[in-house]
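The structure appears right after this line, and notes come after that.
The values are calculated or read from the model by the stated rules, or taken from the named source; none is laboratory data. Please read these numbers as outputs of a predicted model, since none were measured by experiment. Reconstructed Cβ throughout: ideal geometry from the backbone, glycine too, with neighbour counts over all protein chains shown. Heavy atoms of the whole protein, side chains included, go into the accessibility calculation; ligands, DNA and RNA do not. Shrake-Rupley method; radii C 1.70, N 1.55, O 1.52, S 1.80 Å.
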Amino acid sequence: KIFYGEGARLARFLAKKKLRLTYFEFMTVLAFIIFKKSGVQAAVIETGLGGRLDATNVNYRRKVLSAITSISLEHTQYLGNTRLKILAEKAGIAGRGFLVHNLRGGLRRFVEKKRGRRCLSASGMVRLKRARVKNGVLEAEYDYKGGILLRTLMAESAQAENMRLVLACLMAMEQRGYVFEKKGIIKGIRRVALPGRFSKSRRGIYLSVAHNPEAFKQFLDALDGARRGRRAVIIFSALADKDIGSIFRLMKRRKGISLVLTAIDNPRALGVETMRRIVVKYGIRHIVEPDNEKALAAARKPGVITAAVGSFYLINRYM
């Protein structure tokens, strides 16, 4: 009820002011209105492409903090062809409040110079004591509040750093008067289940949306832990703007892994034949099966680990 009522009111306001918004801009404004009307005390907003120019990037008065995880060479045609240029776009989300980050080296120095005392490094605030994957669950222990052990079903190694960032953000919010109990943090992290972060589907295959070299390496590390020396077959597809040459180069170095190249229903998809030519260049064992269900059937073999990776559009087919 509130959604349709506020949506109609917003549409009338925009018409009166002769303002035109894109669909995403309209829905973003509507979301913020509904948050306020519903009495939301704290909202976590994921910023879209780049960040600086994204519709969600509003420097509102009660903005407590912003967070940046890691920087990869993605969407370079829009954001710049170096990590520093991309970070300059990402750092544009930092308005009022703190900026908490997981950056290192020159990237860390860049944001710390830009933000000064309002810039907080997660690694400097929270120590990761140990992390391991056990029975498909990532366990990570930190020195937060005398010690805390977090578990997540998202078993890729990046999640250990992501959880460290979460704890650092909570510490920054505690400086502003917020209170968080360890039991609630442990329970909240344990309940998070984001499909495609090396999660196992109901169909018994591993799913990962890793589509850049950094993320793909973490996927391969998690896959090695799951297969324990067994062979693995990866069903793969990706959009045309991804650096699949670097991805296949990483795969070439792993033994016991073969590919099933398949198609995805998206106008920006990379053609199967184009993928095949790159795979041949790196000498990776593979077959081509454009049909997704036939690709899954071809990948499934007794005693072999099966995974689908490379694109949200592909992962959705195997949920």
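Of the beta bridges in the chain, as assigned by DSSP with both residues counted there, near 40 percent are antiparallel.
If you take the Cα centroid of segment 270-319 and the Cα centroid of segment 138-213, the two points sit 29 Å apart. Estimate the FRET efficiency between Arg9 and Thr69 by the formula 1/(1 + (r/R0)^6), using the beta-carbon distance for r and 45 Å for R0, to the nearest 0.05. Working from the Cβ atoms, E equals 0.80. Surface composition of the chain: carbon plus sulfur atoms contribute 53% of the solvent-accessible area (1.4 Å probe, protein chains only, all chains present). Taking every Cα-Cα distance in segment 63-168 and sorting them into 5 Å bins from zero, the calculated P(r) comes out as 2, 12, 21, 19, 18, 14, 10, 3, 1 percent.
Peptides 290-299, 204-213 ranked from most to least packed by the mean count of surrounding Cβ atoms within 10 Å: 204-213, 290-299.
Just the number: Rg to Rh for segment 17-82, Cα atoms, Kirkwood Rh, two decimals.
Rounded to two decimals, Rg/Rh equals 1.02.
Rolling a 1.4 angstrom probe over the protein heavy atoms with all chains in place gives the chain an accessible area of 57 Å² per residue.
Using equal-weight Cα scatterers in the Debye expression, the normalised intensity of segment 201-299 in log10 at q = 0.11, 0.17, 0.24, 0.25 Å⁻¹ is -0.29, -0.75, -1.61, -1.73. Label zone (Arg227, point 7 Å along Cα-to-C-beta; backbone nitrogen cut-off 20 Å) within segment 187-214: 196-214. Multiplying the residue separation of Leu84 and Arg20 by 0.36 nm and removing their Cα-Cα distance gives an extension gain of 19.7 nm. When the surface is traced with a 1.4 Å probe over the full set of protein chains, Glu174 keeps roughly 60 Å² accessible.
Each Cα pair under 8 Å and six or more residues apart adds its sequence gap; the mean of these over the residue count of segment 34-98 is a relative contact order of 39 percent. Label point of Glu293 set 7 angstrom out along Cα-Cβ; within segment 204-225, amide nitrogens under 19 Å from it belong to 204-205. Which lysines have a Cα less than 23 Å from the Cα of Lys114, not counting those fewer than 8 places away in the same chain? Cross-link targets: Lys63, Lys85, Lys90. Once the chain from Ile33 to Leu53 is taken as fully extended at 0.36 nm per residue, the excess over their C-alpha distance is 5.2 nm.
Compute the length gained on full extension between Val192 and Val304: take 0.36 nm times their separation in residues and subtract their Cα-Cα distance, giving the result in nm to one decimal.
Taking 0.36 nm per residue and subtracting the Cα distance, the gain is 37.5 nm.
A value for log10 I(q)/I(0) by the Debye sum over Cα atoms at q = 0.06, 0.12, 0.16 Å⁻¹ was derived from the coordinates, and within the list (i) -0.19, -0.80, -1.48; (ii) -0.25, -0.98, -1.40; (iii) -0.24, -0.88, -1.33 it appears as (ii). Using only side-chain charges placed at the Cβ, +1 for Lys and Arg and -1 for Asp and Glu, the dipole size of segment 197-290 relative to its Cα centre rounds to 520 debye. With viscosity 1.002 mPa s and temperature 20 °C, the Kirkwood radius over alpha carbon pairs of segment 245-319 converts through Stokes-Einstein to a diffusion coefficient of 165 µm²/s.
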